[in-house]
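S.K.: One structure follows; several queries about it will come next.
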Amino acid sequence: MSTDNCIFCKIVLGEIPCRKVYEDDELLAFHDIHPVAPVHFLVVTKEHIDSMAHLDTRHAGVMGRMMVMVHGLAAQQGSTDGFRIVCNTGRVGRQDVFHLHVHVLGGPGPLPGMIARA
Ligand code: 5GP
Ligand code: ZN
């Protein structure tokens, strides 16, 4: 998908409002509009990248930074004893918004099991 019709690009540009959790020159974190856990926010790259499957070595720095900062943001939001990150990717991963984002899910209490075994 191009950046023109991308909802997360519009959020990055401030054209669609969000409840911001964190921002720097390369990353933006904001609360998910339909939370599925007491703590549920998204961390997106400001650069439009379709998905985790579109990363290359050029993105190692920003993705590394995302990974090392997520625990601090989760704790700030009240998930002080662990959290879960989820990165739905492509058709198999049931990705809905094709702008790279990780979900950060947290409690106070433990989250449900990861994937229900049918
Ligand atoms: P995924 O692509 O990983 O399946 O999920 C996209 C996530 O983005 C969903 O959890 C959905 O609730 C969230 N989302 C979709 N549109 C918006 C929006 O306009 N604002 C916010 N804050 N979250 C959104
Ligand atoms: Zn985008």
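The values are calculated or read from the model by the stated rules, or taken from the named source; none is laboratory data. Computed from a predicted model, the values in this text were never measured in an experiment. Ideal geometry is used to build each Cβ from the backbone, glycine not excepted, and the neighbour counts take in all protein chains shown. Side chains included, ligands, DNA and RNA excluded: accessible areas come from the protein's heavy atoms. Shrake-Rupley method; radii C 1.70, N 1.55, O 1.52, S 1.80 Å.
S.K.: Checking residue 81 against (1) under 14 Å from the mean Cα position of the chain (by Cα); (2) open to solvent by 90 Å² or more (accessible area, probe 1.4 Å), which test does it fail?
M.R.: It fails just one condition, (1).
S.K.: Would you mind stating whether residue 99 is outside any helix (DSSP H, G or I), under 24 Å from residue 12 (Cβ atoms) and touching a Lys or Arg at 6+ places or on another chain (Cβ under 9 Å)? Working first, answer last.
M.R.: On the way: outside any helix (DSSP H, G or I): yes; under 24 Å from residue 12 (Cβ atoms): yes; touching a Lys or Arg at 6+ places or on another chain (Cβ under 9 Å): no.
Spelling it out, it is not the case that residue 99 is outside any helix (DSSP H, G or I), under 24 Å from residue 12 (Cβ atoms) and touching a Lys or Arg at 6+ places or on another chain (Cβ under 9 Å).
S.K.: Restricting to the range 1-38, and then to whatever is within 13 Å of ligand 1 (Cβ to nearest atom) and in contact with a helix residue (DSSP H, G or I) (Cβ under 7 Å, 6 or more places away or on another chain), can you tell me which residue is farthest from residue 109 (Cα to Cα)?
M.R.: 16
S.K.: From the set of residues in the range 39-60 that are outside any strand (DSSP E or B), in contact with a helix residue (DSSP H, G or I) (Cβ under 8 Å, 6 or more places away or on another chain) and under 17 Å from residue 85 (Cβ atoms), which is nearest to ligand 1 (Cβ to nearest atom)?
M.R.: If we filter the range 39-60 for residues that are outside any strand (DSSP E or B), which is where we start, we get 46-60.
From what is left, the residues that are in contact with a helix residue (DSSP H, G or I) (Cβ under 8 Å, 6 or more places away or on another chain) are 46-49, 55.
Filter again for under 17 Å from residue 85 (Cβ atoms), leaving 49, 55.
Numbers: 49: 13, 55: 16 Å.
Checked the range 39-60; the qualifying residue nearest to ligand 1 (Cβ to nearest atom) is 49.
S.K.: Residue pairs, Cβ under 9 Å, 6 or more apart or interchain, first in the range 9-28 and loosely packed, with under 13 Cβ neighbours inside 10 Å, second assigned to a loop (DSSP other than H, G, I, E, B) and of a type in the set (A, V, I, L, M). List them.
M.R.: Matching pairs, first to second residue: 19/33.
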